[in-house]
Amino acid sequence: MATDANTRSSRPPMPSREGAAEALALAEQAQVAVASLTPGPAYGVKLSLALAGVYLSHLLPEPWDMVGFVLMYVVMVTVIAVQFRSSGVRHRVQPGMKRGMLGAAVLAFVVYLAALYLDDHQGMPWIWAPAGLLVGGGILVHDRKTRKKGIAAS
């Protein structure tokens, strides 16, 4: 019986109803604060379109292709900078997301090199359209997949 009394006294006391309600309210406030820092669904779409635009800029005639290429990179960096400025903090990158981001970067680089080879050596300039759609769509799918893995933001 002496051991039973010792185990009861070593347990932490149960929180009161008021304390539990207060903790729940704080948790809900923290979840709303985190949700305000995450990028909206339009962020991934804008970024995917800008990246697809980089690939599609290769379809422009000779002097304009470089202008389009630079313009699309400026748009892409602007989308990222506006998101960074609106949230005020950098988004934390989880270890699982790092692998996904590396995979997306490798996909974009390999598709770019393949499209560049096919355009220059095989005479297939139309290849930039499916390459841009493939990379833009891949980034969009990757963005949606990583959003579903985290805590629901609502």
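Computed from the coordinates by the stated procedures, all read-outs in this text should not be read as laboratory data. Since the model is a prediction, treat every value here as computed from it, not as a measurement.
Between VAL67 and VAL82, residue separation times 0.36 nm minus the direct Cα-Cα distance comes to 3.2 nm.
Extension gain for LYS98 to HIS121 (0.36 nm times residue separation, less C-alpha to C-alpha distance): 4.9 nm.
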